[in-house]
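Participant: Input: one structure, supplied below.
Please treat every number below as a calculation from the coordinates, not as lab data. What you see is a predicted model, and the numbers here were worked out from it, not measured in a lab. All Cβ positions, even for glycine, are placed from backbone atoms using ideal geometry, and neighbour counts span all protein chains on display.
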Amino acid sequence: GNSVTQMEGPVTLSEEAFLTINCTYTATGYPSLFWYVQYPGEGLQLLLKATKADDKGSNKGFEATYRKETTSFHLEKGSVQVSDSAVYFCALWGQGGATNKLIFGTGTLLAVQP
Amino acid sequence: GAGVSQSPSNKVTEKGKDVELRCDPISGHTALYWYRQRLGQGLEFLIYFQGNSAPDKSGLPSDRFSAERTGESVSTLTIQRTQQEDSAVYLCASTRVSGGNQPQHFGDGTRLSIL
C-alpha cells in the first residue's frame, strides 16, 4: 500500500543554516505530495504541495520538488529562522484504491536556535 | 466559522467509559476527515465523509469506534469502552470538495487521555 517515510528528528539548526528534511514515498500511479507544518500550539496547516512529477511547490522560502525517479519530495530552505521551529509532516494523496485520505509520515521536529 | 472547530480541546476519562468528540467543519466544506495522532507518530486516517455518500470507514481501528455526520454539518466521533491505547490527539479536517488537490484545513484537535 501507499506509505511515506521521512527522516526522524529532532533536527536542530542554527539560524540562517540550510535545511533539508528528507521524504520518500511508495505509491502506485501518480500521487499528489504535500508538506504540512504544525507550529507550537497551533493546528496543522498546509505548507506546500506538488501534484505531478517535476513540479516544485514553494511557500515561505521553503521548496520541495516532486521527483518520481527517486520517489522523493525533500523539503528545503536556504536560511532558516527561529520562527520556522515546528513539526513538519510529509504526506501523499494516492490514486487507485486509496483515494480518500492523506497518508502522513511520522513528522520531523525542527528546532532552530538563535 | 472561520476555521475547523473541535471540542472538547482536552478530555480525560477512565478506561471503559464512552467518549464523544465533536467537529465543526468550515461552512460549505463538503468533505470531512478524522485522523488520530498518537504520541511520536504520524497521523492515522480514521474515517472520511463526502456529502451524503456512504463514508469511508476503512481506517477505524475497531468496532468500538464510530462516527456520524449529517449532510455537510457537524460530525461526532464516538469511542465506546475506551482503552488506554485510545489515548491520542484526534484531529478533524475539512475540504471544500473532495480530491487530492484540495488543502485540508485542520482543527486544533482533541487531546484524549484514558486513565
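Participant: For the stretch B:89-114, how many residues meet the condition of being acidic (D, E) and either without any contact (Cβ under 8 Å) to a residue 60 or more places away in the chain or more than 7 Å from chain A (Cβ to nearest Cβ) (or both)?
Facilitator: In the first step, residues of the stretch B:89-114 are kept if they are acidic (D, E); the result is B:108.
Going one step further and asking which of them are either without any contact (Cβ under 8 Å) to a residue 60 or more places away in the chain or more than 7 Å from chain A (Cβ to nearest Cβ) (or both), we end up with none.
Adding up the residues that qualify gives 0.
Participant: I'd like to verify a number: residues in the stretch B:84-102 that are under 16 Å from B:E14 (Cβ atoms), within 17 Å of the chain's Cα centre (by Cα) and surrounded by fewer than 20 Cβ atoms within 10 Å (Cβ to Cβ), how many?
Facilitator: Within the stretch B:84-102, the first condition is being under 16 Å from B:E14 (Cβ atoms), and the residues that meet it are B:84-87.
Checking the rest, the ones that are also within 17 Å of the chain's Cα centre (by Cα) come to B:85-87.
Adding the requirement that they be surrounded by fewer than 20 Cβ atoms within 10 Å (Cβ to Cβ) leaves B:85, B:87.
So the count comes out to 2.
Participant: Could you check, for the stretch B:77-88, whether at least one of its residues is in contact with a helix residue (DSSP H, G or I) (Cβ under 9 Å, 6 or more places away or on another chain) and part of a strand (DSSP E or B)? Spell out how you get there, then give the answer.
Facilitator: The first filter runs over the stretch B:77-88 and keeps only residues in contact with a helix residue (DSSP H, G or I) (Cβ under 9 Å, 6 or more places away or on another chain), leaving B:79.
If we keep only those that are part of a strand (DSSP E or B) as well, we get B:79.
Yes.
Participant: Still on this structure, I have one more. Is one or more of the residues making up the stretch B:51-73 under 15 Å from the mean Cα position of the chain (by Cα), outside any loop (DSSP other than H, G, I, E, B), surrounded by 20 or more Cβ atoms within 10 Å (Cβ to Cβ) and at the interface with chain A (Cβ under 10 Å from one of its Cβ atoms)?
Facilitator: For the stretch B:51-73, residues under 15 Å from the mean Cα position of the chain (by Cα), outside any loop (DSSP other than H, G, I, E, B), surrounded by 20 or more Cβ atoms within 10 Å (Cβ to Cβ) and at the interface with chain A (Cβ under 10 Å from one of its Cβ atoms): absent.
Participant: Which fully enclosed strands (runs of 3 or more DSSP E) of the stretch A:8-114 have 3 or more residues being among the hydrophobic types (A, V, I, L, M, F, W, C)? Spell out the reasoning first.
Facilitator: Working: elements: A:11-14, A:19-21, A:23-26, A:32-38, A:45-50, A:56-59, A:62-65, A:75-77, A:86-93, A:102-104, A:108-113.
Passing ranges, in order: A:32-38, A:45-50, A:86-93, A:102-104, A:108-113.
Participant: Which of (1) facing chain A (nearest Cβ under 10 Å); (2) surrounded by 14 or more Cβ atoms within 10 Å (Cβ to Cβ); (3) over 22 Å from A:V37 (Cα atoms) is the odd one out, the single condition B:I79 does not satisfy?
Facilitator: Exception for B:I79: condition (1).
Participant: Take the residues of the stretch A:21-56 that are among the small types (G, A, S) and over 12 Å from A:V87 (Cβ atoms): which is farthest from the other protein chains (Cβ to nearest Cβ)? If you could, list the steps in order and put the result at the bottom.
Facilitator: Looking only at the stretch A:21-56, we keep the residues that are among the small types (G, A, S), and these are A:27, A:29, A:32, A:41, A:43, A:50, A:53.
Now restrict to residues that are over 12 Å from A:V87 (Cβ atoms): A:27, A:29, A:32, A:50, A:53.
Details: A:A27: 11, A:G29: 11, A:S32: 4, A:A50: 10, A:A53: 14 Å.
It comes out as A:A53.
Participant: Just to be sure I understand, how many residues within the stretch B:21-50 are on the phi > 0 side of the Ramachandran plot and at the interface with another protein chain (Cβ under 10 Å from one of its Cβ atoms)?
Facilitator: Taking the stretch B:21-50 as the starting set, the residues that turn out to be on the phi > 0 side of the Ramachandran plot are B:28, B:40.
Filter once more, keeping what is at the interface with another protein chain (Cβ under 10 Å from one of its Cβ atoms): B:40.
Adding up the residues that qualify gives 1.
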